1. For the chain, build the charge dipole from Cβ charges (+1 Lys, Arg; -1 Asp, Glu) around the Cα centre, then report which of Met84, Gly157, Leu42 sits farthest towards its positive end.
2. Run the simple label-point estimate for Glu124 and Arg170 please: 7 Å along Cα→C-beta, distance reported in nm.
3. Taking GluC sites (Glu not before Pro) that fall in a DSSP loop and have at most 15 other Cβ atoms within 10 Å as cut points, what is the longest piece of the chain between them?
4. Spelling out what I want: for every residue of the stretch 34-49, take phi, set θ = phi - 60°, compute 6.51 cos²θ - 1.76 cosθ + 1.60 (Karplus), and round to whole Hz; glycine and proline get x.
5. How would you rank Asp10, Asp54, going from fewest to most other Cβ atoms within 10 Å of each one's own Cβ?
6. Hey, got a sec? Which chymotrypsin sites (Phe, Trp or Tyr not before Pro) in the stretch 104-194 land in a DSSP loop and have at most 16 other Cβ atoms within 10 Å?
7. Quote the charge dipole size of the stretch 1-120 about the Cα centre in Debye, to the nearest 20; the model charges only the Cβ of Lys and Arg (+1) and of Asp and Glu (-1).
8. Under a 5 Å amide H to amide H cut-off, with H placed in plane at 1.01 Å, what residues pair with Phe101 once short-range neighbours are removed?
Amino acid sequence: MSLRSKILPDLIKAVSSIIEQNAEEVTVLDQVLGDGDHVTNLQRGLDALNQQADEIAKLEWAEAIQKIGMTLLSTMGGASGSLMGTLFISMSKAMAGKTEFNQQQFAEVFVAGVEAVKKRGKSEAGEKTMLDTLIPVADKMLKGGSMDEICQSAVKGMESTRDMKATKGRASYLEEKSLGHIDAGARTSQLMICAIVDELKNNSGSLG
Ligand code: ADP
Ligand code: MG
């Protein structure tokens, strides 16, 4: 499979739509464990990406992903803004000089992005954050998992945050009380990953 960057505007639309459909649920999750603004932070970033979709569509991978990262960084705010910005900017650096990616190469790029998020957030797997979705997805991609398996690993990772005690971010102030609730960032990361998987499966015409 080789993926062309021209598919990015369709992916941005698919991601925006799934976040819109689940906005209320995610707001409640971030009200329980945080301050309730996670979905509005994310939607601000996605709105900005939709506004730039035509421009992004003209770019090659590294430039497009860099632009996505910079846009998220400058519009989202919150802990998630700097972490999502870091994810894409670091992916872009790992893409430098290449215009086409097979699945294995794309997996390596994603792993580089996730590693940068760990550094930026000073966090690891098991701390009840978006990383509990992103890390298993990166592992599954590296192992050559199918599209469905990638989405399934995101769902499993997201669900695993329910029984974790938060040690990073605002939720860490709750200590034991954070048990029993899914992390908002883990949920939005899972929704976005599964929406991208669905879009890629349904939009095979855009795969080169
Ligand atoms: P804020 O916490 O500043 O209000 P958001 O509500 O937008 O920002 O995002 C909260 C999400 O960010 C959390 O649900 C969690 O997944 C993620 N997060 C927060 N801090 C960290 C961290 N240090 N490492 C990884 N993810 C984090
Ligand atoms: Mg918040």
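Bear in mind that the values in this text are calculations on the coordinates, not laboratory data. Computed from a predicted structure; not experimentally measured. Glycine also receives a Cβ, built like all others from the backbone with ideal geometry; neighbour counts cover every protein chain displayed.
1. Of the listed residues, the answer is Met84.
2. 2.7 nm
3. Counting at most 15 other Cβ atoms within 10 Å as exposed, the longest clean stretch of the chain is 125-208.
4. x, 10, x, 9, 4, 6, 6, 4, 5, 5, 4, x, 5, 4, 4, 5
5. Sorted ascending by nearby Cβ count, the order is Asp54, Asp10.
6. Sites meeting the loop and neighbour criteria: none at all.
7. The dipole magnitude comes to about 500 debye.
8. Leu3
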